[in-house]
Amino acid sequence: MVMAPRKHREREMLFDSVIALVFILVACVDLCDGATVVDVYRLIQYDMSGVPFGSRLASLNHHAASLHFSPHTDLSRTVLLIPLRELNMSFVKEYIAESKPLGGLIFLLPRLFSFENKDDKGSNNRDVSTEPLRNVLAELEQILIHANLPYPVYFAFEDDNIDAVLADIKKNDVTGQPATATTGGYKFVVSAAEPRKVVSPPITNIQGWLAGLKTDDDAHQLPTIAIVASYDTFGAAPALSVGSDSNGSGIVALLEVARLFSLLYSNPKTRGQYNLLFGLTSGGPYNYNGTRKWLRSFDQRLRESIDYAICLDSIGSWENELWIHVSKPPENAFIKKIVEDFSSVAEELGFKVNLKHKKINISNPRVAWEHEQFSRLRVTAATLSELSTAPELLEKAGGLVDSRHFVNEATIVRSVKLIAESLARHIYGHQGKNIQIFADNTNLAVNPSYVRSWLDVLSQTPRVAPFLSKDDPFVMALKKELEDHTDEVNLHRDVLEGVFTFYDSTRAKLNIYQVASVTFDLLLLLVLGSYLIVLFSFLVITTRGLDDLISLFRRPPSRKVKTA
């Protein structure tokens, strides 16, 4: 009768001890393995004419360090976490130029470069404090995209979690002890499959028509004016290349011009005797590959009917002047008429339009401006841009610095007024007359809300062509918007060709683990071992008695003694 309650108490004690052990183990795990997860965006990986560029790896599993590491530290198994605000450009150039071994790089960007940033976006006045950061990031981006980096390179944005991790890493680095398996620290892990080539990357051109009004005695085809803008981007991180200005501003301006003229052309009394062709083209950063294919799909009759084409590129962050870039001589009658229309309207609106003439070198595959693809087919064309000179290949094509924060819808509204009024003067024969068709506070006024909403959409949509499927929701949204304002909207699909080869794996999750040192592991092992020994001894004493516990440690008698 006495034995049963005793056994019951022994079971309860054993159960409580096991529970206590579990709590200790869980607590130890928390101390050893506190993890943070961060969104990261991989540096672009591509080949140009077979030459590799960008980051060649995606997976990451290394201890972390900051720029405060000891001078003689071996970084071959270390990933550096570098805030843009503290970036030492000489260090980056040195490590890249000399191909020094690194485990990986993670650049920490301020939130103002994020497409999720909604604070003070589109300020018309340049924030002087952010200009140095923009310049540093633009320089860094050009270095990275033109380098072959045999390790993972990622971008992340500042937040409280990763800032706290960076502060701890700096403290550890100041002590002169790099993070290793023996000293502890932080470990950065990105689990990602090996990047694969993007096979036959699609490009999609979108076009819509507004047919002009034919008179009874006009048997000839009406002349056509083409308004064109390239919609895709290129940047160091494809998942961040939203191109708010280049060329989000051009797309927004084209859509608003299409909306305005759809109102005019919906009434036969105000419909002009010009066809309007609206084209949203792909492959812009790659020598306007999509524009060339789109134009070559035209029949000869349509191509010959184009009076001129106006291409829109980066018109969202200028102040007092814009540029018209042409390939034909300024003395050309069509060019003179285009420049006169735009210059007179600009003067009335209070700013200036300059002319820049650049001849085309047919033997050079480099196409600096979109209008040059028209000019190569002997079609009169010009590009309207805030840029006074043509950017280099893969430069100013919607990179990391081209975010919503630095583009203002009021600037685009002014650009739209300029384009719409200039086209109207040409279409309706109002050259030299101060007639405002799209005056403010009328039914034909430019709609700032429409401009703002589309600019917001574009500023949150990465548009690197090789990573846009042929039926991508963004492409379908552009098609639908053109259908709302124009007729005969259709898609021209093709494949991006040329010297470029691209690789996937553009974004990932970074797992940050706090790793305990070997000293802590040994101490933990000692504590756990001591606890288990005490627990075992206590259970044996309470269940079998002290003699049984002592007998476990006695040396058993030899066989000879037993035999005797």
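The values are calculated or read from the model by the stated rules, or taken from the named source; none is laboratory data. Keep in mind it's a predicted model, so treat the numbers as computed, not measured. Glycine gets a Cβ as well: all are built from the backbone with ideal geometry, and neighbour counts include every protein chain shown. The protein model used for the area step is the full one, side chains on, heavy atoms only, and it has no ligands, DNA or RNA in it. Shrake-Rupley method; radii C 1.70, N 1.55, O 1.52, S 1.80 Å.
Every residue in region 449-483 that is in contact (Cβ under 8 Å) with a residue 24 or more places away in the chain, under 18 Å from the mean Cα position of the chain (by Cα) and within 19 Å of Ile315 (Cβ to Cβ), please.
Residues satisfying the conditions are Trp454, Leu455, Asp456, Leu458, Ser459, Thr461, Arg463.
Take the conditions surrounded by fewer than 22 Cβ atoms within 10 Å (Cβ to Cβ) and modelled with pLDDT of 95 or more and apply them to Val489. Does it pass?
Values: surrounded by fewer than 22 Cβ atoms within 10 Å (Cβ to Cβ): yes; modelled with pLDDT of 95 or more: yes.
Yes; evaluated as a whole, the condition is true for this residue.
Can you name the residue in region 41-59 that is over 19 Å from Val79 (Cβ atoms) and open to solvent by less than 50 Å² (accessible area, probe 1.4 Å) and, of all such residues, is nearest to the chain's Cα centre (by Cα)? Before you say what the answer is, go through the steps one by one.
Step one: list which residues in region 41-59 are over 19 Å from Val79 (Cβ atoms), which gives 46-53.
Next cut, open to solvent by less than 50 Å² (accessible area, probe 1.4 Å) only: 46-48, 52-53.
Values: Tyr46: 15, Asp47: 19, Met48: 20, Pro52: 20, Phe53: 17 Å.
Only one residue fits best here, namely Tyr46.
Select the strands (runs of 3 or more DSSP E) contained entirely in region 268-355, then report the ones holding at least 1 residues which are more than 30 Å from Leu496 (Cα to Cα) and assigned by the TED database to the domain that holds Arg404.
The qualifying strands (runs of 3 or more DSSP E) are 321-326.
What is the number of the single condition among (1) crowded, with 22+ Cβ neighbours inside 10 Å; (2) more than 24 Å from Phe261 (Cβ to Cβ) that Gln460 does not meet?
For Gln460, the exception is condition (1).
Within region 195-213, take every residue that is of a type in the set (Gly, Ala, Ser) and open to solvent by less than 40 Å² (accessible area, probe 1.4 Å) and give me the one that is farthest from Pro466 (Cα to Cα).
Pass one, region 195-213, residues of a type in the set (Gly, Ala, Ser): 200, 208, 211-212.
This time we only want the ones that are open to solvent by less than 40 Å² (accessible area, probe 1.4 Å), so: 208, 212.
Working: Gly208: 23, Gly212: 36 Å.
Going through the qualifying residues, I end up with Gly212.
In the set Leu312, Leu263, Leu240, which member is touching a helix residue (DSSP H, G or I) at 6+ places or on another chain (Cβ under 6 Å), of a type in the set (A, V, I, L, M, F, W, C) and at pLDDT 95 or above? Walk me through how you get there before you give the answer.
Details: Leu263 fails: touching a helix residue (DSSP H, G or I) at 6+ places or on another chain (Cβ under 6 Å); Leu240 fails: touching a helix residue (DSSP H, G or I) at 6+ places or on another chain (Cβ under 6 Å).
On inspection, the qualifying residue turns out to be Leu312.
Take Pro448 and decide whether it is open to solvent by 30 Å² or more (accessible area, probe 1.4 Å) and in contact with a helix residue (DSSP H, G or I) (Cβ under 6 Å, 6 or more places away or on another chain). Can you show your working first?
Details: open to solvent by 30 Å² or more (accessible area, probe 1.4 Å): yes; in contact with a helix residue (DSSP H, G or I) (Cβ under 6 Å, 6 or more places away or on another chain): yes.
Judged against the criteria, Pro448 is a match.
Give Thr411, Thr389 a once-over and let me know the one that is farther than 27 Å from Thr224 by Cα, open to solvent by 40 Å² or more (accessible area, probe 1.4 Å) and of a type in the set (Val, Ile, Thr). Full working, then the answer.
Numbers: Thr411 fails: open to solvent by 40 Å² or more (accessible area, probe 1.4 Å).
Matching residue, one of Thr411, Thr389: Thr389.
Given the criteria more than 33 Å from the chain's Cα centre (by Cα), touching a residue at least 60 places away in the same chain (Cβ under 8 Å), surrounded by 22 or more Cβ atoms within 10 Å (Cβ to Cβ) and over 20 Å from Gly243 (Cβ atoms), does Phe374 qualify? Working first, answer last.
Details: more than 33 Å from the chain's Cα centre (by Cα): no; touching a residue at least 60 places away in the same chain (Cβ under 8 Å): yes; surrounded by 22 or more Cβ atoms within 10 Å (Cβ to Cβ): yes; over 20 Å from Gly243 (Cβ atoms): yes.
No; evaluated as a whole, the condition is false for this residue.
Whether any residue in region 176-187 is at pLDDT 90 or above, under 30 Å from Ser59 (Cβ atoms) and open to solvent by 10 Å² or more (accessible area, probe 1.4 Å) is what I want to check. Can you show your working first?
To start, the set of residues in region 176-187 that are at pLDDT 90 or above comprises 186-187.
Within this subset, residues satisfying the condition of being under 30 Å from Ser59 (Cβ atoms) are 186-187.
Adding the requirement that they be open to solvent by 10 Å² or more (accessible area, probe 1.4 Å) leaves 186-187.
Yes, there is a match, as at least one residue in region 176-187 is at pLDDT 90 or above, under 30 Å from Ser59 (Cβ atoms) and open to solvent by 10 Å² or more (accessible area, probe 1.4 Å).
Filtering region 359-371 down to residues that are crowded, with 19+ Cβ neighbours inside 10 Å and touching a Ser or Thr at 6+ places or on another chain (Cβ under 6 Å), which residue is nearest to Glu392 (Cα to Cα)? Don't jump to the end; show me each part of the working.
Taking region 359-371 first, the residues crowded, with 19+ Cβ neighbours inside 10 Å are 367-371.
Now narrow it down to the ones that are touching a Ser or Thr at 6+ places or on another chain (Cβ under 6 Å): 369-371.
On the way: Trp369: 10, Glu370: 13, His371: 16 Å.
By that ranking, first place goes to Trp369.
Could you list all residues from region 420-445 that are touching a residue at least 60 places away in the same chain (Cβ under 8 Å), over 16 Å from Tyr274 (Cβ atoms) and surrounded by fewer than 14 Cβ atoms within 10 Å (Cβ to Cβ)?
Gly432, Asn434, Asn443 - these are the residues of region 420-445 that are touching a residue at least 60 places away in the same chain (Cβ under 8 Å), over 16 Å from Tyr274 (Cβ atoms) and surrounded by fewer than 14 Cβ atoms within 10 Å (Cβ to Cβ).
Counting only residues that are part of a helix (DSSP H, G or I) and open to solvent by 10 Å² or more (accessible area, probe 1.4 Å), how many does region 85-113 have?
At the first step, the residues of region 85-113 found to be part of a helix (DSSP H, G or I) are 85-86, 89-97, 111-113.
Next, only the ones that are open to solvent by 10 Å² or more (accessible area, probe 1.4 Å) stay: 85-86, 89-91, 93-97, 111-113.
Qualifying residue count, region 85-113: 13.
Filter region 335-358 down to residues that are open to solvent by 90 Å² or more (accessible area, probe 1.4 Å) and either among the aromatic types (Phe, Trp, Tyr) or under 33 Å from the mean Cα position of the chain (by Cα) (or both), then give me how many there are. Give the steps one after another, and end with the answer.
Within region 335-358, the subset open to solvent by 90 Å² or more (accessible area, probe 1.4 Å) is 336, 340, 347, 352.
Then drop every residue that is not either among the aromatic types (Phe, Trp, Tyr) or under 33 Å from the mean Cα position of the chain (by Cα) (or both), which leaves 352.
So the answer is 1.
Listed here are the residues, each with its yes/no results for (1) modelled with pLDDT under 95; (2) more than 30 Å from Asn490 (Cβ to Cβ).
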position	(1), (2)
Ser363	yes, yes
Glu370	no, no
Gln373	no, no
Ala381	no, no
Ser388	no, yes
Val416	no, no
Glu421	no, no
Thr461	no, no
Asp471	yes, no
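Test Leu394 against the criterion of being of a type outside the set (Ser, Thr, Tyr) and outside any helix (DSSP H, G or I), and give yes or no.
Values: of a type outside the set (Ser, Thr, Tyr): yes; outside any helix (DSSP H, G or I): yes.
Yes, satisfied.
For the list (1) part of a loop (DSSP other than H, G, I, E, B); (2) open to solvent by 40 Å² or more (accessible area, probe 1.4 Å), I need the number of the one condition that Lys479 fails.
(1)
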